[in-house]
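Computed from the coordinates by the stated procedures, all read-outs in this text should not be read as laboratory data. Just so you know, these numbers come straight off a predicted model, no measurement behind them. Here Cβ is always computed from backbone atoms with ideal geometry, including for glycine, and neighbour counts include all displayed protein chains.
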């Protein structure tokens with residue numbers, strides 16, 4: 001994954017050390033051969049790296065050596081002192097705007113004006129306090145949406161928020177209905193805030209996060225002990241070799257770059273890219289949600305056992321982009337509807353045996369669905385959501401069976417009540433004598449049908465969001481070291497896990513072997 | 001039958017152990033230092049963890065479904081999560097202050113769960129059809145783990161605010177014993193930290209320096225724990241959405257519980273965003289940044305309780321499994 005995110009055209013990032021060794025082995029022979037390997041058998045794995053000779057293979061941004069342009073020096077400083085602001089937008093934009101306007105100079109100032117306006121809007125939108133304010137507003141609106149009852153008739157609001165006695169002194173039904181708070185989650189206010197947040201997300205990702213990634217990918221060796229000592233965490237090892245440090249860091253999962261007396265190591269670069277992934281995943285989810293809201297169909301039907309219906313008849317479009325598909329021409333037969341019970345008599349599960357037929361009578365699919373296990377066909381999903389009684393089959397004195405239709409009665413609460421009536425014929429005869437045996441209760445299954453084109457997009461966004469949120473927990477740690485005589489000066493920083501980083505580096509530095517005898521030829 | 005007695009025993013064991021452990025720890029801190037009991041907290045929490053897990057497992061076996069179907073079971077799971085967090089934070093040997101938060105939280109949730117408010121839920125009940133799904137385990141357990149982590153993190157932030165503004169609180173309630181509790185808690189943190197700092201290094205004893213160190217550590221640990229909790233919360237909400245799509249046909253219904261979970265998510269996203277250093281150009285004041293984010297996390301504390309508990313009190317919507325009435329019927 002990192003190969004995609006890092007600059008794909010450049011081979012200088014050592015994703016496979018073998019490749020790098022092959023190409024730079026000639027350049028590295030100097031730094032490798034001089035060190036008395038002796039008891040350190042794997043020292044040759046630490047790759048030396050000489051960017052000077054291959055400068056022409058870099059692009060202009062990625063020059064780590066000292067005497068380069070001042071701009072990259074500034075950018076290098078951005079790595080070291082991360083507390084400062086990112087590269088000022090106007091400087092880079094001014095450069096690119098200048099280039100862009102240089103070309104179509106003849107096309108006049110309107111194009112340039114539009115570009116400048118766009119950049120200004122971008123700068124405003126990517127302001128972090130604005131984004132935080134938007135998030136607060138959205139949270140407050142959502143909270144309000146749970147407090148105010150949604151989706152009721154206007155009369156309800158007239159009674160609940162009367163003008164004569166306003167809630168909190170000023171909230172009357174006029175406020176509620178005018179601002180659309182009775183259907184908060186589809187109201188223009190709420191959707192407008194969401195759109196604004198999406199725009200801020202896009203602007204922030206483009207203007208702030210992507211340049212940060214570019215900055216983080218660039219790195220440089222530090223050649224002076226003062227620069228290293230200025231890091232968040234700095235230490236020095238009095239008698240040690242920098243190769244040993246490199247090996248130990250490599251064992252701890254760092255990627256090492258060694259050039260002469262300088263060393264650079266990093267770990268956890270993914271933790272820098274992941275926040276971009278988070279924002280992109282959220283945009284994906286929002287796009288999918290918009291598609292769902294605009295292009296889905298829903299339908300709900302209660303079908304007595306044994307009857308059937310056509311899908312297209314029961315589906316209602318939800319938005320402007322809803323187009324019926326070919327699968328809408330299927331017939332749905334409810335073959336059987338039954339329930340399982342626990343020993344206590346409560347229902348354990350509802351089952352409906354469904355067959356799908358095409359319009360010319362061919363059976364396409366058959367499945368028994370239950371709650372949490374829907375039927376999927378051609379983009380349509382059929383869910384088991386409800387149940388009812390359609391008829392009671394009785395015999396009277398052995399005669400029959402008669403089917404008596406049942407109808408639901410009003411009852412508050414979870415339980416349902418169904419009633420039917422027995423036609424007795426003569427209205428004056430008070431008694432009905434005889435034995436009535438209930439043979440069977442014919443149930444009817446409540447099914448919900450749905451087609452939603454945005455679901456794949458939304459699921460992809462969900463998966464990406466889960467993954468990138470996990471990854472952005474990791475911390476990007478960087479360590480610089482310089483061999484100064486027989487002392488190593490080590491400095492490092494990390495963007496998230498400060499205290500743990502300190503402990504980890506302390507532990508690693510404790511493992512670096514101390515040189516007991518000093519080799520006279522040993523000068524790093 | 002054996003499982004109900006086992007449950008009963010384990011419930012009592014877990015509550016007793018953790019009360020004893022907390023009492024010992026408070027005594028050590030405030031009254032007198034008894035060296036032999038120093039690590040009793042660790043062992044006690046491990047014992048509590050095992051007994052709570054045993055409780056959950058025996059409920060699982062006796063009822064046949066994963067023990068997360070009503071408020072009682074979810075509270076037990078919450079105390080289990082607190083003890084898990086405690087143990088994980090001690091595993092890395094990082095010398096953090098989380099134990100001050102996790103241990104009392106465990107006892108509060110365990111105490112409330114086993115108290116008289118919820119007795120009608122103590123028997124394991126059958127699972128309604130809508131909850132018979134594999135997603136139950138994943139979604140609800142992730143949500144509870146995230147609640148535990150976020151509660152810990154936000155309590156650490158509250159502690160940070162209390163310690164930072166202790167002087168103001170002192171002035172405010174001079175002679176007023178009502179607010180003894182907040183800076184009593186701060187005192188505990190303070191003493192705990194002072195001891196652990198002494199163990200590591202030898203510093204000049206400047207009170208301000210200790211306070212600075214303490215706030216730094218609280219800030220850092222609050223950040224790490226909340227990040228972890230935020231990850232779990234994201235996974236939990238998204239699992240819930242996928243489950244809703246499987247069960248009811250739409251992945252987001254603006255159900256009160258869903259909405260409040262999303263509000264919690266938003267508040268903690270704001271918390272994470274107030275910690276980035278990008279927008280603080282003129283004032284690179286570390287303490288200001290940490291107070292801002294601590295304020296947001298404290299708001300988050302209230303929001304989590306509304307989300308978890310308040311909505312259940314209303315008892316409406318698709319998530320009504322967790323509801324209960326305050327007057328026991």
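Some notes on this structure:
- The three principal axes of the Cα atoms in the stretch A:309-418 give end-to-end lengths of 53, 35, 27 Å, sorted in falling order.
- Inverse of mean 1/r across different Cα pairs in the stretch A:249-371, Kirkwood, Å: 20.1
- Average projected area [Cα convex hull, the stretch A:433-524], square nanometres: 16.8
- Going from the residue with the fewest nearby Cβ atoms within 10 Å to the one with the most, A:250, A:315 rank A:250, A:315.
- Other protein chain C-beta atoms within 10 Å of residue C-beta, averaged over B:290-302: 0.
- With a simple spin-label model that places each label point 7 Å from the Cα along the Cα-to-Cβ direction, the separation between residue A:232 and residue A:116 comes to 4.0 nm.
- Other protein chain C-beta atoms within 10 Å of residue C-beta, averaged over A:452-461: 2.
- The orientation-averaged projected area of the convex hull spanned by the Cα atoms of the stretch A:117-207 comes to 6.8 nm².
- Label-zone membership for the stretch B:1-20, site residue A:343, 7 angstrom Cα→C-beta point, backbone N under 11 Å: B:1
- Each of A:367, A:433, B:90 was scored by other Cβ atoms within 10 Å of its Cβ. Arranged with the fewest first, they read A:433, A:367, B:90.
- Convex hull volume of the Cα atoms of the stretch A:182-313, normalised per residue: 245 Å³.
- Taken residue by residue and averaged, Cβ atoms of other chains lying within 10 Å of the Cβ of B:250-256 number 6.
- All Cα-Cα separations within the stretch A:276-346 were binned at 10 Å from zero, giving a P(r) of 16, 28, 23, 20, 12, 1, each value a whole percent of the pairs.
- Spread of Cα-to-Cα distances over 10 Å intervals beginning at zero, given as percent, for the stretch A:464-505: 25, 36, 25, 10, 4
- Burial ordering of B:152, B:239, fewest other beta-carbon atoms within 10 Å first: B:239, B:152
- Reported value for the stretch B:1-121: 105 Å³ per residue, from the convex hull of its C-alpha atoms.
- Between the alpha-carbon centres of the stretch A:118-166 and the stretch B:1-16 there is a gap of 48 Å.
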